[in-house]
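Working notes, structure below.
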Amino acid sequence: MKVLIIEDEKELRYDMVSYLSQEGFLCESAKNYSEAIDKIGVYEYDCYVVDIMLPGGTGLDLVKAIKSQKHQGGIIIVSAKNSIEDKIVGLEIGSDDYLTKPFHLSELNARIKSIIRRRSFNGNNEIQFNEIRILPDSRQVYINGKEIALTAKEYDLLLFFIANKGRVIPKDSIAEHLWGDYMDQADSFDFIYTHIKNLRRKLVQQGAKDYLNTVYGIGYKFQSE
């Protein structure tokens, strides 16, 4: 899952990105209001972690910007101010949660996972799609009760497809989800084809149905039936 960290404190921003990356998230960051606006205008994220006090603007205005563009990701507001007014305003304009500094990174991680489960998988701690069972917290995947070994990118692809089952997903959306800012450095989508081919092969070899269909000239569709 893809997370945008908007935080002006350099050390805290680094710590959040480092910790969440180790937890399996694809993390991008912005250190001020204008950088955040640029990223929000180009990319979508599964969760936004937004500091209220930023150079050049406020996190509350960023929440409004995210909502105005109809982005579906969850939003966690972070602030050094333990103000009930800020919490109320943040929740009223569309944020999902509020963390007061200082906080433990493990708590931030748990809250992000909770928001993503709630928004994408009805709050379930495990995801069941026919014969495929996924445990997001441990990043384990089972086919007909037998665990299957996937690479990090293959796992991210599978979760992304199941979260968007029944929808046609363009190739550039898949690339953006997996690589974020680094997508722009790619010369072609060959890396997507390779990961999808390997994921499909592993699933079928373990006894899963072939749910993944190519929509020529556009992208892929993970069939819901």
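The values are calculated or read from the model by the stated rules, or taken from the named source; none is laboratory data. Please read all numbers here as calculations on a predicted model, not as lab measurements. Quick reminder, even Gly has a Cβ in these numbers, built from the backbone with ideal geometry, and neighbours come from all protein chains shown. Surface areas here come from the heavy atoms of the whole protein model, side chains and all, with no ligands, DNA or RNA. Shrake-Rupley method; radii C 1.70, N 1.55, O 1.52, S 1.80 Å.
Note on Gln69 and Glu92: their simple-model spin labels are 2.5 nm apart, each label 7 Å out from Cα toward Cβ.
Of the listed residues Ser68, Ser18, Ser79, the order by accessible area with a 1.4 Å probe, largest first, is Ser68, Ser18, Ser79.
First check a/c for the stretch 9-58, with a ≥ b ≥ c the square roots of the eigenvalues of its C-alpha gyration tensor; if it is under 1.5, answer rounded, and if not, answer prolate when a/b is larger than b/c or oblate otherwise. In terms of gyration-tensor shape, oblate. The listed residues Lys202, Lys197 rank as Lys197, Lys202 when sorted by accessible area, largest first, using a 1.4 Å probe.
Under the classification rounded if a/c is under 1.5, otherwise prolate if a/b is larger than b/c and oblate if not, where does the stretch 22-92 fall, given a ≥ b ≥ c as square roots of the Cα gyration tensor eigenvalues? Rounded.
For the stretch 142-157, backbone phi angles converted through the Karplus equation (6.51, -1.76, 1.60; θ = phi - 60°) give residue-by-residue couplings of 10, 10, 6, x, 10, 5, 10, 8, 10, 6, 4, 5, 5, 4, 4, 4 Hz, Gly and Pro being listed as x. Working from Cα positions, state the angle (0 to 90°, nearest 10) between the long axis of helix 105-120 and the longest principal axis of the chain. The two axes meet at around 60 degrees.
Which of rounded, prolate or oblate describes the stretch 2-121 when judged by the alpha-carbon gyration tensor and an a/c cut-off of 1.5? Since a/c stays below 1.5, the shape of the stretch 2-121 is classed as rounded. Probe 1.4 Å, all protein chains in place: accessible area of Asp86 in Å², nearest 10? Its accessible surface works out to 20 Å², give or take rounding.
Taking the DSSP bridge list for the chain and keeping only pairs wholly inside it, about 50 percent are antiparallel.
For a straight C-alpha distance cut-off of 16 angstrom, the lysines reachable from Lys10 (same-chain residues fewer than eight places away being disregarded) are Lys31, Lys101. Annotation: per residue accessible area for the chain equals 50 Å², rounded to a whole number [probe 1.4 Å, protein chains only]. Carbon-plus-sulfur fraction of the accessible area of the chain, 1.4 Å probe, in percent? That share works out to 48 percent. Counting only protein chain heavy atoms and rolling a 1.4 Å probe, the accessible areas of Arg201, Arg117, Arg111, Arg167 rank, largest first, as Arg167, Arg201, Arg111, Arg117. Under the simplified labelling scheme, the Asp137-Arg167 pair shows an inter-label distance of 2.7 nm, with each label point 7 Å from Cα along Cα→Cβ. Projecting label points 7 angstrom from Cα along Cα→Cβ for Ala149 and Glu85 puts them 5.8 nm apart.
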